[in-house]
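Since every read-out is calculated from the coordinates, none of them should be taken as a lab result. Since the model is a prediction, treat every value here as computed from it, not as a measurement. In this analysis, Cβ positions are derived from the backbone assuming ideal geometry, glycine residues included, and neighbour counts consider all displayed protein chains.
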Amino acid sequence: MAGYVTDWRDLYRGRARCVLRPASVAEFADVMAYCHVHGIAVVPQGGNTGLAGAAVPDGSGQQVVVSTTRLRQIRSVDAVDMSIVAEAGITIAELQSAAGDAGALFPLSFAAEGSATLGGAVATNAGGTAAVRYGSARDLLLGVEVVLADGRVWNGLRTLHKDNAGYALRHLFAGSEGTLGIVTAAAMRLVPRPAGRAVAFTALADEAAVGAFWALLRARCAGAIRAAEYISGHGLALVMHEMGLRAPVARAAHHVLVELNAASADGLCDLLEGVLAEALEQGIITDAAVAQNEDQCAAFWRLREDQTEAQKRAGVNYKHDIAVPISRVGELLARCRAALAQRCPDLLVLPFGHLGDGNIHMNVVRPAALGAAPHPEEGEVAGVVHDIVAALGGTFSAEHGIGRTKTDLLETLRPAVELDLMRRIKAALDPAGLMNPGKVLRQE
Ligand SMILES: Cc1cc2nc3c(=O)[nH]c(=O)nc-3n(C[C@H](O)[C@H](O)[C@H](O)COP(=O)(O)OP(=O)(O)OC[C@H]3O[C@@H](n4cnc5c(N)ncnc54)[C@H](O)[C@@H]3O)c2cc1C
């Protein structure tokens, strides 16, 4: 059972009574009905790539892991209605491929897409690198099929692009992290597949330039921006060292990867080169490289997508999945760098993430050379980061969810009324508290 009871970050090693892998919705309903009658707590699991410790059981050995990985049918793809209906265990990469075969695009995309499942992406409301253009999983969610805590099946698999009939129950399950029911299938929105793609990797001297570069990109290429990803200079050095990669530009304190997409390739490279020339002229960027072919696009993207893996290899990771108003990203980077350098000079501050959403993973790595445990400064580091985020009007959880890592923060930082509403929703859908207990909401 090892792979099912240990989370991707290796932060939590639980124990389970058993791992169940139902292969049909009817089998899921039977499992849930049985657990309901016998008072057995259930931990839904997809690809187990979540970063908030929510997909693995606690240490009691009493919980049951229910894996969706055998629920793998694509039920329909419709390039006229622009929808795809698929079962929860299909991976995000497989969905992208099925949409591509139908001449459309499933736009959700992130580094774990080869293992992360549709059910997991819905349940965590995953964002990723194209959220700046297409939104997060919730924005793409048209309908869901859910097996409820008592074993009843709700078929809400509508593929309508407008449906205002009452409360949008489907949205409750987006970001619910397995605490309200098991998503067995979802209907997702597709978008037209762009024919043109242009990717550039840039270098910037200081934090102020990061904000200025985003503002210029928005002004010149608004409708074409598919991604604008931030990587720190130290993060670039680390990924080159750990993963054996090469940088396409002169090394700097900050880097931004830009991808433009459009219905036609005509003029797209010119648009990108034009904005880069303007940014160079204004001193906003200090260097840039435009990918000349698909191999170079992939090589540029690896520098960003391998950040998580490189940091995992470098030592103990303190992750802060935060977002601030986009206009304040430069300030966030500058303030965190200064405050952490003063308080914890031995740690590596390695922010990266989705600049266009204001969502920066303000990660801090305790180098392996300092020893693995204990980590006395982890709480202090989190306090420094979250105080700065709060002062800038941001959030402590942008896209990875609450899981078990942030239940205390949720309790502390969200208003009592908001928490009360969340508890009432939980009680309405899971009165016995058997769905992924202790995740999202702290166990009383
Ligand atoms: C290298 C790497 C990069 C990542 N990059 C991003 C990123 O850019 N953006 C982003 O948003 N996230 C990112 N993630 C985290 C992301 O949340 C997960 O990868 C993904 O969304 C979870 O899918 P999963 O199938 O692995 O779910 P799991 O990890 O198995 O589960 C995650 C949560 O969802 C619940 N769950 C799973 N399946 C179901 C279901 N069918 N019904 C109900 N609940 C369910 C689980 O109980 C748990 O609470 C990254 C992760 C890694 C490892």
field: 5 Å binning of all Cα-Cα separations within segment 114-224, expressed as whole percents from 0 upward
entry: 2, 10, 17, 18, 14, 11, 10, 8, 6, 3, 1, 0
task: On a 0 to 90° scale, report how tilted helix 268-281 is relative to the longest principal axis of the chain, with both axes built from alpha carbons and the result rounded to the nearest 10.
output: 60 degrees
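Over all distinct Cα pairs, what is the inverse of the mean 1/r for segment 308-391, reported as the Kirkwood hydrodynamic radius in Å? Mind dumping the intermediate values first?
Values: mean 1/r = 0.0771 Å⁻¹.
About 13.0 Å for segment 308-391.
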task: For segment 178-257, state the average projected area of the convex hull of the C-alpha atoms over all orientations, rounded to one decimal in nm².
output: 9.3 nm²
message: For a quick check of your reading of the filter: which trypsin sites (Lys or Arg not before Pro) in segment 186-273 sit in a DSSP loop and have no more than 15 other Cβ atoms within 10 Å?
response: Arg246, Arg251
Low-density loop positions, chymotrypsin sites (Phe, Trp or Tyr not before Pro), segment 162-221 - DSSP coil, at most 13 other Cβ in 10 Å: Tyr167
task: Take every Cα-Cα pair in segment 2-67 and report what % of them are more than 16 Å apart.
output: 43 percent
task: Considering only Leu217, Leu429, Leu370, give the residue with the highest GNM mean-square fluctuation for the chain, with springs between Cα atoms whenever their separation is below 10 Å.
output: Leu370
- request: May I ask you to list the trypsin sites (Lys or Arg not before Pro) in segment 88-180 that are in a DSSP loop and have at most 14 other Cβ atoms within 10 Å of their Cβ?
  value: Arg152, Lys162
task: Note down the Stokes-Einstein diffusion coefficient of segment 196-304 in µm²/s, whole number, using a Kirkwood radius over alpha carbon pairs, 10 °C, and 1.306 mPa s.
output: 115 µm²/s
- request: Neighbouring Cβ atoms within 10 Å as the yardstick, rank Glu305, Glu278, Glu444, Glu399 fewest first.
  value: Glu444, Glu278, Glu305, Glu399
- prompt: Could you list log10 I(q)/I(0) for the chain at q = 0.12, 0.14 Å⁻¹, which the Debye formula gives when each Cα is one point scatterer?
  reply: -1.05, -1.37
query: Most mobile of Gly379, Gly119, Gly394 per a Gaussian network model of the chain (Cα springs, under 10 Å)?
result: Gly379
